[in-house]
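Reviewing the structure listed below.
The values are calculated or read from the model by the stated rules, or taken from the named source; none is laboratory data. Keep in mind that this is a model prediction, so the values were computed, not measured. In this analysis, Cβ positions are derived from the backbone assuming ideal geometry, glycine residues included, and neighbour counts consider all displayed protein chains. In case anyone asks, the SASA skips ligands and DNA or RNA and just uses the protein heavy atoms, side chains included. Shrake-Rupley method; radii C 1.70, N 1.55, O 1.52, S 1.80 Å.
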Amino acid sequence: MKPNLKVDESLIGQVVRTKKPLMILDVRKEKGYRHLDLAKKVGLCSLLSVPMMVKERIIGVINTYTAAQHRFTSEEIQLLSSLADQSAIAIENARLYEQMIGLEERIRETEKLGVLGEMAIEVAHEIRNPLTIVKMLFHSLSIPDKKDATIIENELDRMNRIVTQFLNYARGEKPEQQKMDINQVLENTLLLVEHRLSQQRMKLKKTLLPLPSISCYPEKTAQLFLNLFLNAIDAMEDGGELEVSSEAIGGFIQVKIKDSGSGIPESIKERIFQPFVTTKAKGLGLGLAIVHRVVEEHRGKIEVDSTPDIGATFTVSLPIEVVQ
Ligand SMILES: Nc1ncnc2c1ncn2[C@@H]1O[C@H](COP(=O)(O)OP(=O)(O)OP(=O)(O)O)[C@@H](O)[C@H]1O
Ligand SMILES: [Mg+2]
């Protein structure tokens, strides 16, 4: 078999087209024969070319040459034809086997996701009980710092809502959208990372321009921005500046989250929104996959711009009017 032959022009093309064996008494005298030099050099004379067929489909051609002139008998043609058919079946089987292995891997991954989904439901269910207890006990504590106490309480509520929403989703219920001011979501979420920002001596620059309220899933948008803030902070281990800006532009609410950190590692740049892609020792690689999903659920867009050692900017655009 010779690869990359133009089927139309070559002699072998004739075999492919007619699906019939071809016999040439002396290839050196044949007009359409392409490899005259080679034939002369290695001493090829008569040719028998038979198609390799799998259910009426040609997958190749087997060529047999003789050094001296030879008229192939019908037995020889039959023998080579059945060898070609057997080989064709073997090749096709190998190809199917390869396909099957790929398919099996995909099935295993889907099964794994299915099992993970079931485990997640159990985990969510089991988290709800201790959460209720923590909330009850929290009320009987007296925490001197009122601001911290409010944050803790709000976060306990948020955890409870996330778990409840998840379980509702597992039951097949659709979460409800609410009209929200995204600036408010940003402010509330920034409160959660305030501690880490000051601990790691990071500056925060906020430029939040007035925005129209939009319909969104409040918990999910909070989750979206929190993940982007946490990633930005993680990328600025030696300090830096986190810039958060928002504006309404061209029918969208545009939020930019810019850090002066390490930038996104080249090796994962193309895959950052895929689950389980991480460069952090304790990272799960789920943050940006969640971010991406939430943006899609809001029919929005997300763009990334990153320069090594200068930093990364994530731009999230959420439509002001959602066309259903
Ligand atoms: N602002 C950023 N600057 C530099 N690299 C980033 C930034 N955001 C994300 N990355 C890179 O993308 C990877 C994936 O981020 P992602 O949030 O999905 O997972 P993670 O932060 O590693 O783990 P998890 O969020 O699940 O705790 C990170 O490990 C990091 O290498
Ligand atoms: Mg993350």
Inverting the mean 1/r over all pairs of different Cα atoms, compute the Kirkwood radius of the chain and quote it in Å. 25.9 Å
Tally Lys and Arg at +1 and Asp and Glu at -1 over the other residues with C-beta under 13 Å from the C-beta of Met180: what net charge comes out? -2
Under 8 Å for C-alpha pairs, at least 6 residues apart: give me the relative contact order for the chain, rounded to a whole percent. 10 percent
How much of the accessible area of the stretch 226-324, in percent, comes from carbon and sulfur atoms when a 1.4 Å probe is used? 50 percent
Charge sum, other residues only, whose C-beta stays under 11 Å from Gln69's C-beta, Lys/Arg counted +1 and Asp/Glu -1: +2
Kindly flag which residue pairs out of Lys20/Lys55; Lys206/Lys256; Lys203/Lys258 have an alpha-carbon separation exceeding 20 Å in this structure. none
Net charge over other residues, Cβ less than 10 angstrom from the Cβ of Glu243 (K, R count +1; D, E count -1): +3
Accessible surface, 1.4 Å probe, highest first, among residues Ile133, Ile143: Ile133, Ile143
Expressed as a whole percentage, what fraction of the accessible surface of the stretch 1-139 belongs to carbon and sulfur atoms when a 1.4 Å probe is rolled over the protein heavy atoms? 59 percent
Hey, with R₀ at 25 Å, roughly what FRET efficiency would Leu167 and Ser215 work out to, going by the Cβ-Cβ distance, to 0.05? 0.60
Per the helix-only calculation at 222 nm, which mean residue ellipticity applies to the chain, given -39500 (n - 2.57) for every DSSP H run of n ≥ 4 and division by its residues, nearest 500 deg cm²/dmol? -16500 deg cm²/dmol
How large is the accessible surface per residue of the chain, computed with a 1.4 Å probe and reported in Å² as a whole number? 64 Å²
Among Leu208, Leu36, Leu186, which one shows the biggest mean-square fluctuation in a GNM of the chain, springs joining Cα atoms closer than 10 Å? Leu36
